[in-house]
Amino acid sequence: MSGSRDTHFLPQFLLRRWRNSKGRVTSYVRQQGRVVTSELNPRSTAFEPDLYSYEGILGEQRHEIETNFMTPHIDTPAALIMQKIADGRFTELTTEERSDFTRFVISLRARHPDAVDLALSESKRQLTTALARDPEEYLAARDPGSPSTLIEWTEKHAPALFRNVGVSIVPGVIADDKTGERIFRMPWWVHDTRAAGTDLLISDRPCLLEGNAMEGHFLIALPLSPTMLFFVCNDPQRTRVLRAMNETRLVKAINRASVGYAARSVYGTGRQHLALVEKWLRK
């Protein structure tokens, strides 16, 4: 397939864990000021066409990041690891599995449309700066009638370059050794919340972050299912508080944070969280 392709920035294998008996998840979205709910198949939501596809390239190479990096090296291993965790075997994760899951956690932020847009903007800024450097070299080689600057020449003859340089950054962000190494070595744990009086939500930006991934105290909270939370935290005091917290109170706190952090959509097992989402989903 060489045409447009739907790219799921919230992986389907993760969202599927919120399916009801009909195989659908409940979506909460604010429309015209009010929150509306609908039941959706996980494959029909949390995607954007050609999110990090290359421009001006034909055939499967256009979707190289998705087919040759994201699917085989990020999502496929993570799906197997999540099933292992769901089976109660979190303490049996191997070094390789821990490394794979680290990259998956990083990917949840780097693959979101907001992050991709930021990468595109930053790469265009840097490329424009580079193209404006040493203008006399371009002027010396410029043919009569050609654009007056190298930037204008690129915009006319190779406009796809600006996007393609930007999307090519995404795999490098996900596989960044410094960030990955720090998260890999932090304490991890999984919190079973089945005893809570309510269940967990997940948003289109599912990974909740607090602190700085490269220095100081840092916390990651990620809902893995309606009854399971994954944590990474290098702050012993914060860890003690979270581990000792009443399950219902913990789930409510995470749900409020998930709704507040959402870009547009929140997902659950039903409509029981409508009042919470109505209050905290951004307008």
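The values are calculated or read from the model by the stated rules, or taken from the named source; none is laboratory data. The shown structure was predicted, so the numbers you read here are calculated from the model rather than taken from an experiment. Neighbour counts are summed over all protein chains in view; Cβ atoms, including those assigned to glycine, are modelled from backbone coordinates with ideal geometry.
What the table below lists for this structure:
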quantity	calculated
Set 48, 55, 66, 60: member being of a type in the set (D, E, K, R), in contact (Cβ under 8 Å) with a residue 24 or more places away in the chain and assigned to a loop (DSSP other than H, G, I, E, B)	55
Flag if residue 37 is in a strand (DSSP E or B), touching a Gly at 6+ places or on another chain (Cβ under 6 Å) and either small (Gly, Ala, Ser) or closer than 16 Å to residue 203 by Cβ (or both)	no
Checklist (1) over 14 Å from the mean Cα position of the chain (by Cα); (2) buried (at least 16 other Cβ atoms within 10 Å of the Cβ) applied to residue 38, failing item	(2)
Number of positions in region 239-283 that are of a type in the set (A, V, I, L, M, F, W, C), under 19 Å from residue 227 (Cα atoms) and surrounded by 18 or more Cβ atoms within 10 Å (Cβ to Cβ)	8
Restricting region 61-111 to residues that are of a type in the set (S, T, N, Q) and surrounded by 20 or more Cβ atoms within 10 Å (Cβ to Cβ), the residue that is nearest to residue 177 (Cα to Cα)	102
Breaking point among (1) free of Cβ contacts under 8 Å to residues at least 60 places away in the same chain; (2) part of a helix (DSSP H, G or I); (3) more than 30 Å from residue 194 (Cα to Cα), for residue 145	(2)
Selection within region 71-88 - in contact with a Ser or Thr (Cβ under 7 Å, 6 or more places away or on another chain) and either within 17 Å of residue 109 (Cα to Cα) or assigned to a loop (DSSP other than H, G, I, E, B) (or both)	74
Region 178-208, subset farther than 15 Å from residue 103 by Cα and assigned to a strand (DSSP E or B), residue farthest from the chain's Cα centre (by Cα)	192
Residue match in region 183-199 (condition: touching a Pro at 6+ places or on another chain (Cβ under 8 Å) and either among the small types (Gly, Ala, Ser) or buried (at least 19 other Cβ atoms within 10 Å of the Cβ) (or both))	yes
Residue match in region 54-65 (condition: closer than 16 Å to residue 266 by Cα and aromatic (Phe, Trp, Tyr))	no
Residue within region 129-145 that is surrounded by fewer than 18 Cβ atoms within 10 Å (Cβ to Cβ), at negative phi and within 31 Å of the chain's Cα centre (by Cα) present	yes
Of the criteria (1) closer than 19 Å to residue 220 by Cβ; (2) loosely packed, with under 14 Cβ neighbours inside 10 Å; (3) without any contact (Cβ under 8 Å) to a residue 24 or more places away in the chain, which one residue 114 fails	(3)
Matching residues in region 44-69 - criterion: being under 16 Å from the mean Cα position of the chain (by Cα) and closer than 30 Å to residue 273 by Cβ	45, 46, 47, 48, 49, 51
Options 152, 97, 122; residue that is without any contact (Cβ under 8 Å) to a residue 24 or more places away in the chain, in contact with a helix residue (DSSP H, G or I) (Cβ under 8 Å, 6 or more places away or on another chain) and assigned to a helix (DSSP H, G or I)	97
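Conditions tested, residue by residue: (1) outside any strand (DSSP E or B); (2) under 21 Å from the mean Cα position of the chain (by Cα); (3) of a type in the set (Val, Ile, Thr).
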site: 210; (1), (2), (3): no, yes, no
site: 217; (1), (2), (3): no, no, no
site: 220; (1), (2), (3): no, yes, yes
site: 231; (1), (2), (3): no, yes, no
site: 237; (1), (2), (3): yes, no, no
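Table: residues versus (1) out of contact with any strand residue (DSSP E or B) (no Cβ under 6 Å at 6 or more places or on another chain); (2) modelled with pLDDT of 95 or more; (3) closer than 21 Å to residue 161 by Cα; (4) among the polar types (S, T, N, Q).
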position: 5; (1), (2), (3), (4): yes, no, yes, no
position: 18; (1), (2), (3), (4): no, yes, no, no
position: 41; (1), (2), (3), (4): yes, yes, no, yes
position: 44; (1), (2), (3), (4): yes, yes, no, yes
position: 55; (1), (2), (3), (4): yes, no, yes, no
position: 69; (1), (2), (3), (4): yes, yes, yes, no
